[in-house]
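Enquirer: One structure, as structure tokens, below. Some questions next.
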Amino acid sequence: MAQILIVEDEAGISSFVTKGLRAAGHLPTAVATGRDALAHAHTDGYDLVILDIGLPDMDGFEVLRRMRGQGSTVPVIILTARSSVDDTVAGLDGGADDYMAKPFRFEELLARVRLRLRTEPSTVETTVLAHGDLSLDLRSRRVTVEGKEVDLSAREFSLLETFMTHPGQVLSREQLLSRVWGYDFDPGSNVVDVYVRYLRRKIGAAHVETVRGMGYRLVDVTR
């Protein structure tokens, strides 16, 4: 569990990231201005900062410069709509630890958060997820069912990864949309149902159970 400061003036994105981090077991705090970011970062002992660049009162690069000037060594992930090489270089040269362009998938952001929160050099990140007869290798992007490899598209892989990081948990369509397709989605879309159908064809229909009126969950069919 980590205390994470989110500096983002777009309310929808701020809420999306806050809810996702809280669901992942962290303690997020959201602010919308550079001035508030500096006040919090200076006094509240955060473990990580997620920093937008286009803030209403000052440029996020300036916030980062002042943080580092005050001696702050807290990891900073820049999250911004600016994705040019110049902006990326400016952010990293200014003291950022990572840089993500919008739009983004929450699972990718969470992976980067986990990476930056590591404190022990010897920490070994889990790269293989297993559930029953399913195995998913995050590094090689290989998926096997009963020891046999199956070929998934990038979106199908992300959907299965989401299920396998929440085994047995009922995930609503809205949760799956936000985690797999990102914050900028149409809540009325049937894309989740379509991709669940694709996934079932490849890994076996019994692995993904429909919970009527609630969503879907991954089940262990070997029990």
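Since every read-out is calculated from the coordinates, none of them should be taken as a lab result. Keep in mind that this is a model prediction, so the values were computed, not measured. Neighbour counts are summed over all protein chains in view; Cβ atoms, including those assigned to glycine, are modelled from backbone coordinates with ideal geometry.
Enquirer: For Lys19, go through the lysines and keep the ones whose alpha-carbon is under 18 Å away, minus same-chain ones fewer than eight residues off.
Expert: Result set, ordered by chain and number: Lys102.
Enquirer: With an 8 Å cut-off on Cα pairs and a minimum separation of 6 or more residues, tell me the relative contact order of the chain in percent.
Expert: Working: 350 pairs, mean separation 31.5, N = 223.
Across the chain, relative contact order equals 14 percent.
Enquirer: How large is Rg over Rh for the chain, taking Rg from the Cα atoms and Rh as the Kirkwood inverse mean of 1/r across Cα pairs?
Expert: 1.01
Enquirer: Okay, moving on. If the viscosity is 1.002 mPa s and the temperature 20 °C, what translational diffusion coefficient in µm²/s does Stokes-Einstein give for segment 3-117 when Rh comes from Kirkwood over Cα pairs? Don't jump to the answer; show the numbers that get you there.
Expert: Working: Rh = 13.8 Å.
After rounding, the answer is 156 µm²/s.
Enquirer: A follow-up question, please. In nm, to one decimal, how far is the modelled label at Arg197 from the one at Thr29, with both set 7 Å along Cα→Cβ?
Expert: A separation of 4.8 nm, rounded to one decimal place.
Enquirer: Could you tell me what percent of the DSSP beta bridges with both partners in the chain are antiparallel, to the nearest 5?
Expert: 50
Enquirer: Right, here's the next one. Place the peptides 30-43, 129-142 in order of packing, highest mean first, counting for every residue the other Cβ atoms within 10 Å and averaging per peptide.
Expert: Details: 30-43: 17.6, 129-142: 15.4.
Output ranking for 30-43, 129-142: 30-43, 129-142.
Enquirer: Can you tell me the FRET efficiency between Ala206 and Leu115 if r is taken as the Cβ-Cβ distance and R0 is 30 Å, rounded to the nearest 0.05?
Expert: Taking R0 as 30 Å, the efficiency between Ala206 and Leu115 is 0.30.
Enquirer: Can you give me the orientation-averaged projected area of the convex hull built on the Cα atoms of segment 144-185, in nm²?
Expert: For segment 144-185, the mean projected area of the Cα convex hull comes to 3.4 nm².
Enquirer: Could I ask something else about it? Let me check against my output: what whole-number percent is the relative contact order of segment 128-218, with C-alpha pairs under 8 Å and at least 6 apart?
Expert: Details: 110 pairs, mean separation 23.9, N = 91.
26 percent.
Enquirer: If you don't mind, another one. At 222 nm, what helix-only mean residue ellipticity would the chain give, in deg cm²/dmol to the nearest 500, using -39500 (n - 2.57) for each DSSP H run of four or more? Show your work: numbers first, answer last.
Expert: Details: 8 runs with 82 residues, N = 223.
Value at 222 nm, helices only: -11000 deg cm²/dmol.
Enquirer: What length, rounded to one decimal in nm, is gained on full extension from Glu108 through to Ala130, with 0.36 nm per residue of separation minus their alpha-carbon distance?
Expert: Net length gain for the segment: 6.0 nm.
Enquirer: If I stretch the segment between Ala11 and Asp57 completely, what's the gain in nm (0.36 nm per residue apart, minus their alpha carbon distance), one decimal? Walk me through the intermediate numbers first.
Expert: Details: separation 46, 0.36 × 46 = 16.56 nm, distance 1.57 nm.
Going from the current span to full extension adds 15.0 nm.
Enquirer: In the calculated pair distance distribution of segment 128-218, what percentage of Cα-Cα distances lie above 16 Å?
Expert: When every Cα pair of segment 128-218 is considered, 49 percent fall beyond 16 Å.
Enquirer: Moving on to the next point. Apply 1/(1 + (r/R0)^6) to the Cβ-Cβ distance of Asp137 and Arg65, taking R0 = 35 Å, and write down the FRET efficiency to the nearest 0.05.
Expert: 0.30
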